[in-house]
Structures are given as C-alpha cells and as structure tokens.
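The values are calculated or read from the model by the stated rules, or taken from the named source; none is laboratory data. Computed from a predicted structure; not experimentally measured. In this analysis, Cβ positions are derived from the backbone assuming ideal geometry, glycine residues included, and neighbour counts consider all displayed protein chains.
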Amino acid sequence: MISWDNTCKPLVYGGLGIVSLQALRFAINCGLIYRLYNSNNPLAFWLRARYGSPWKPNHMPCSAFWKTICCTAERARHKFKFQILPNSPISVFWDHWCLNDSILAMFPELLNDPQLKPNDTLAAWVSDIGWEPPSHLGHNIQSFIQSIPTHSEDSKHITWDYMNNASFKEFYNEFFVNMDHVTWHPLVWHSNYSLRFSVFTWMALLNGLKTADALLKRNIYIENNTCSLCHDFHDSTTHIFFECDYTYRVLCNLIPIFNCFFLRPNIPQAFEFIADSVSDSKIKNCFLFTLNAIIYHTWIERNNRRFKNTHSCAYTLSSKVKKVIFLKLDNWKHGRYIKEKLNLSYH
C-alpha cells in the first residue's frame, strides 16, 4: 500500500528512516568524487587518466559504474565547490571552477584551441605564487582567470559546499533535499514513541491502511464497504480516525481535552491540537503516545470485527488502551509524575 521509495526516507520526510539503497549509492558516489580530486591513490589516478572529469560529456563507451558517478556529479553539482591550488587535478574544460561554472561556458571558443587538450588540468596553470595561464590566451581570458582567487596548500581541491571535511551523512541527506518535510514527524516519532503503535499511525497518515476506500482506489472491490465500528458510513481512514462515533468516544475517554471539539478531528488535527494545547512536555508525550495507541487498537478492533467476528464496546477498548498506557508509564523516567498529574489509575 505504501511504496518502498516512501518507506525508505528519513523520518523528517515522512518515511520510516530505513536506509535507502539509492541514497547509499548516491552518497558513495559523492564520496568517491570527493576523493577523486583530493587523494592521490591509484584509483583516482586511473579514473582521471581514463575519463578526465565526472562532469565531462561522455562521447565514448564507459562503464555503468562511471555513468552512475557522472549522474551523481551532475545532480550534486551545486554542492561541489572547487578551490584553486598548486598541482591541481581540476579539469580545465569540464569542471566548474570558474565562479561555479566551466570555462567553456564563459569562453566556448577555447574548445577549438589546438594548444589545449580535452584532459588538461590546472596543474600547469597554477604555481606556488599564483596563476600562470598559457601566454597564448587572449588578454580578456587571462584577466578573468587572474581574478579567480587561489588558496593555500592546506585546502582541498574540491569541497562540499566549501566545507573541507564533508561527512558521509551529509552526502546521504543531500539525496532527499528536494523532498517536502512533513510537520507531523516529531509528533508521531516523539521521544517516548512505541514502534508498534507509531508505525500504524504512519500508515494511516499515508493512507496505507487497507480500508475499503483505499482498496477501491486500487480497483479491489469488497462486498461490505461500511465501517465495521459504527455500521453507518463508508469504511475509510478519514472516517475511522476520528469521524466515527465509536472511535471519537474512545478518543474522548482517554484524552478528555478533545471533548471541546465541535467537529471531529482527523489525525493531523488531533496531533496539532495536542502539540498546541499542552505545554508540559512530559504530559504532551503521554498524550501523543496515547493517540498512537488509540489508532493501533482501533485498527485491531476494526479487523477483529471484520474477520474474527469479535466485538468490544468503546468502554472496553478504552480500558484496554488505558492498561497499556499505565504499564508503559512504569518504564518512563517521569512515569509516576505523569500518573499523578493525570490522576491515572487502572483497576
């Protein structure tokens, strides 16, 4: 019901935080590009001699491995920043060392210069005292090159957003940078979350629960498409949480502050209401945990009614959830404080 791509995203982007293989590949490639310019190992020497630059257009057969490197380089182009040093392996033509652009973008006529080769590097253009570009270049080209600052030898030839020491985590997170943040992730995955309960809330928020409405969108038809809890309305995630009379009674029994609602809240509204109306962080975490537990046990009750022909009234289900909360608080650092503050007991 929920795609693997949506599952393998960081929590802040609405995923489960499972490592993405595509993001790992991207991060590994970024690390290799970083070492390609800053290291003098045999692999870096061979790749530079064979291909020149990961930003060089490929007009010759190359391996699938190098193709992925080039795709990553183009995708992360805005993050890789070049610094001009002596003995630089930076490609004259293909790397974006000219104010974050290539020299061919500034002076395309250089490509036809017979004295310049496609795989030339800046090592011959920079000395210990600064720029020494070829004398045959035009005055305007030389002046432009001379205006680009050089750096000391303790700097890196290529940096990640001008940071000399980039980490694998920064490469990995860049893969997701164009995705939208979700506002509910710190509420579902709060500091005292239970994985079993929060996962079902996450599925409900992404419409991943197998309700009749969700199955119908996938051309799966079922005969009984009414809500198994109230038997009045269509079976959908929006109705069950918390338009349904049954689930709303459970919600109000366990979190009484929801009695003030004139209209029934949905899951995001319920989370936002708790976040905005409760100032005590310990009580807030308890309410967030309770809301996740309600969603989980309500879904289990819905399935029990539909597939096992067993029923629990709203009061019984509330008692069941209350017992879970009471026992869970025994393991919390401030569990006793929360019980006293909420006058919580279980018999």
Notebook entry, point to check: Scanning for something aromatic (Phe, Trp, Tyr), more than 22 Å from residue 206 (Cβ to Cβ) and over 33 Å from the mean Cα position of the chain (by Cα), does the range 247-258 turn up at least one residue?
Noted result: no
Checklist line | the range 85-98, residues that are more than 16 Å from residue 58 (Cα to Cα) and either out of contact with any Phe, Trp or Tyr (no Cβ under 9 Å at 6 or more places or on another chain) or of a type in the set (Gly, Ala, Ser) (or both) | finding: 85, 86, 87, 88
Checklist line | Failed item in (1) surrounded by fewer than 16 Cβ atoms within 10 Å (Cβ to Cβ); (2) without any contact (Cβ under 8 Å) to a residue 40 or more places away in the chain, with residue 47 passing the rest | finding: (1)
Next item on the list: List the number of the failed condition for residue 127; all other conditions in (1) within 23 Å of residue 147 (Cα to Cα); (2) surrounded by 14 or more Cβ atoms within 10 Å (Cβ to Cβ) hold.
Entry: (2)
Item checked: Residue list for the range 55-102, restricted to those being within 17 Å of residue 163 (Cα to Cα), of a type in the set (A, V, I, L, M, F, W, C) and assigned to a loop (DSSP other than H, G, I, E, B) -> 76, 85, 97, 99
Note to self: Among the residues of the range 72-80, are any buried (at least 16 other Cβ atoms within 10 Å of the Cβ), aromatic (Phe, Trp, Tyr) and under 22 Å from residue 145 (Cβ atoms)?
What the structure shows: yes
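For (1) part of a helix (DSSP H, G or I); (2) loosely packed, with under 13 Cβ neighbours inside 10 Å; (3) in the same structural domain as residue 237 (by TED's automatic domain parsing), each residue gets a yes or a no:
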| residue | (1), (2), (3) |
| --- | --- |
| 294 | yes, no, yes |
| 304 | yes, no, yes |
| 312 | no, no, yes |
| 315 | yes, yes, yes |
| 321 | yes, no, yes |
| 324 | yes, no, yes |
| 327 | yes, yes, yes |
Next item on the list: Scan the range 147-198 for residues that are in contact with a Cys (Cβ under 9 Å, 6 or more places away or on another chain), under 16 Å from residue 35 (Cβ atoms) and surrounded by fewer than 18 Cβ atoms within 10 Å (Cβ to Cβ) and jot them down.
Entry: 168, 170
Notebook entry, point to check: Out of (1) touching a residue at least 24 places away in the same chain (Cβ under 8 Å); (2) farther than 30 Å from residue 316 by Cβ, the odd one out for residue 208 is which?
Noted result: (2)
Next item on the list: Under 7 Å between Cβ atoms, at least 6 apart or on separate chains: pull out the pairs that start in the range 318-340 with a residue that is without any contact (Cβ under 8 Å) to a residue 40 or more places away in the chain and end on any residue that is in a helix (DSSP H, G or I).
Entry: 320/297; 324/293; 335/329; 339/329
Next item on the list: Kindly indicate whether any position in the range 89-109 is free of Cβ contacts under 8 Å to residues at least 24 places away in the same chain and more than 21 Å from residue 148 (Cα to Cα).
Entry: no
Next item on the list: Could you check residue 89 against (1) loosely packed, with under 15 Cβ neighbours inside 10 Å; (2) in contact with a strand residue (DSSP E or B) (Cβ under 7 Å, 6 or more places away or on another chain) and say which number it fails?
Entry: (1)
Note to self: Among the residues of the range 136-159, are any part of a helix (DSSP H, G or I), of a type outside the set (Lys, Arg), touching a helix residue (DSSP H, G or I) at 6+ places or on another chain (Cβ under 6 Å) and assigned by TED's automatic domain parsing to the domain that holds residue 25?
What the structure shows: no
Note to self: Can you find, within the range 31-44, the residue that is surrounded by the most Cβ atoms within 10 Å (Cβ to Cβ) among those that are of a type outside the set (A, V, I, L, M) and assigned to a helix (DSSP H, G or I)?
What the structure shows: 37
Notebook entry, point to check: Just for helices (runs of 4 or more DSSP H) wholly inside the range 199-287: which have at least 2 residues that are among the small types (Gly, Ala, Ser) and assigned by TED's automatic domain parsing to the domain that holds residue 319?
Noted result: 212-216, 267-277
Next item on the list: Scan 270, 275 and give me the residue that is touching a residue at least 12 places away in the same chain (Cβ under 8 Å), in contact with a helix residue (DSSP H, G or I) (Cβ under 7 Å, 6 or more places away or on another chain) and closer than 16 Å to residue 298 by Cα.
Entry: 270
